[in-house]
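Undergrad: One structure, pasted below without further comment.
Every number in this text was worked out from the coordinates using simple rules, so none of it is lab data. This one's a predicted model, so the numbers in the text were calculated from it and none came from an experiment. Please note: Cβ atoms are built from the backbone with ideal geometry, for glycine as well, and neighbour counts cover all protein chains shown.
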Amino acid sequence: MSAQRQTIIAGNWKMNKTIEDAKELASSIVKGIEGKSDLPKIVICPPYTSLSDATAICSKGSCQVGAQNMDYRTEGAFTGEISPPMLVKMGIKYVILGHSERRQFFGETNATVNLRLKAALEHSLIPIVCVGESLDERESGLTDSVVRRQVAAALEGFSEDDIKTLVIAYEPVWAIGTGKTCEAEEANRVCGSIRSTVNDFFSDGKEGSRSKIGESIPVLYGGSVKPSNVAEQLDLPHIDGSLVGGASLKAEDFLAIIEAGSKRVKLAPQAS
Ligand code: PGA
């Protein structure tokens, strides 16, 4: 486990929680972490309708707010879209990009993830880029090649310097919302391979010196993370945190996952 890499516990609320329910959940999380030490970075990603309330509630605690998606353009005739400056002006710090549900249901591609990543970095939003294989791809032995391709496509056009704040989440599509978790050892292996892909990407064409930038990038695991399986995941060296869907909708469960993150921080104190 690396002292340099942050532990991040992020909750992706997806299309859940009305304004009132979201306020209640955010407040319970903030209350639950009050006065605690060794906390991991905690990020909640409510729907757009609750970003403003969540930001106000989190400003009193040690938790930050992220958006679940954003457009890559700044403004214009793009009905229904939300731009990076709109998020920044609300005090949003993180943005999830390329979640498999965006890829599956809303036409997101490796190319549009790359554009969104560029926009996020230009506006100083911390990007959480999601990658992961489908069940078919896993069963055909394509996991590593699919994930490598998604990572490399997201990084296209960037320098090592550009991506210093990047966070990557490995989320096997077949493990999302299904209750089927990827075995911790296997998740760790793929997270490690994501790290090497980042190193390879920036080592290409460099004579004799291999890039080590991947060693400083937090790689999270997501896909049916629960209080009962998170500890074994966070014990492994390449899994730096969790991107949590279903279990982030109940304060009690999310707080238990944060607690597991705190144990990791305690074991490997890290730079803030
Ligand atoms: P899940 O979702 O925890 O409900 O599987 C994870 C995600 O989609 O980020």
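Undergrad: Looking at region 130-143 only, could you name the residues that are surrounded by fewer than 17 Cβ atoms within 10 Å (Cβ to Cβ), assigned to a helix (DSSP H, G or I) and away from the ligand (no atom under 15 Å from the Cβ)? Spell out the reasoning first.
TA: Step one: list which residues in region 130-143 are surrounded by fewer than 17 Cβ atoms within 10 Å (Cβ to Cβ), which gives 135-136, 139-142.
Remaining after also requiring assigned to a helix (DSSP H, G or I): 135-136, 139.
Residues satisfying the conditions are ASP136, GLU139.
Undergrad: Answer yes if at least one residue in region 7-28 is over 17 Å from the mean Cα position of the chain (by Cα), aromatic (Phe, Trp, Tyr) and either within 16 Å of the ligand (Cβ to nearest atom) or within 21 Å of HIS99 (Cβ to Cβ) (or both), and no otherwise.
TA: no
Undergrad: Starting from residues that are within 16 Å of the ligand (Cβ to nearest atom) and without any contact (Cβ under 8 Å) to a residue 40 or more places away in the chain, keep the ones in region 29-55 and report whichever is nearest to the chain's Cα centre (by Cα).
TA: The qualifying residue nearest to the chain's Cα centre (by Cα) is PRO46.
Undergrad: If you don't mind, there's one more thing I want to ask. Residue by residue through region 101-112, note down the ones that are over 18 Å from SER134 (Cα atoms) and surrounded by 16 or more Cβ atoms within 10 Å (Cβ to Cβ).
TA: Pass one, region 101-112, residues over 18 Å from SER134 (Cα atoms): 111-112.
Hit for region 101-112 is THR112, nothing else.
Undergrad: Here's something else I'd like to know. Which numbered condition in (1) farther than 17 Å from TRP13 by Cβ; (2) surrounded by fewer than 23 Cβ atoms within 10 Å (Cβ to Cβ); (3) touching a Cys at 6+ places or on another chain (Cβ under 7 Å) is the only one that GLY98 fails?
TA: Only one criterion in (1) farther than 17 Å from TRP13 by Cβ; (2) surrounded by fewer than 23 Cβ atoms within 10 Å (Cβ to Cβ); (3) touching a Cys at 6+ places or on another chain (Cβ under 7 Å) is unmet by GLY98, namely (2).
Undergrad: Name the residues in region 17-46 that are out of contact with any Ser or Thr (no Cβ under 9 Å at 6 or more places or on another chain) and not β-branched (Val, Ile, Thr), would you?
TA: GLU20, GLU24, SER27, SER28, LYS31, GLY32, GLY35, PRO46
Undergrad: For LEU249, indicate whether it is within 14 Å of the chain's Cα centre (by Cα) and within 10 Å of the ligand (Cβ to nearest atom).
TA: Criteria not met by LEU249.
Undergrad: Can I ask one more? In region 167-188, which residues are polar (S, T, N, Q) and near the ligand (Cβ under 10 Å from one of its atoms)? Step through it out loud before you land on a result.
TA: In the first step, residues of region 167-188 are kept if they are polar (S, T, N, Q); the result is 178, 181, 188.
Correct list: THR178, THR181.
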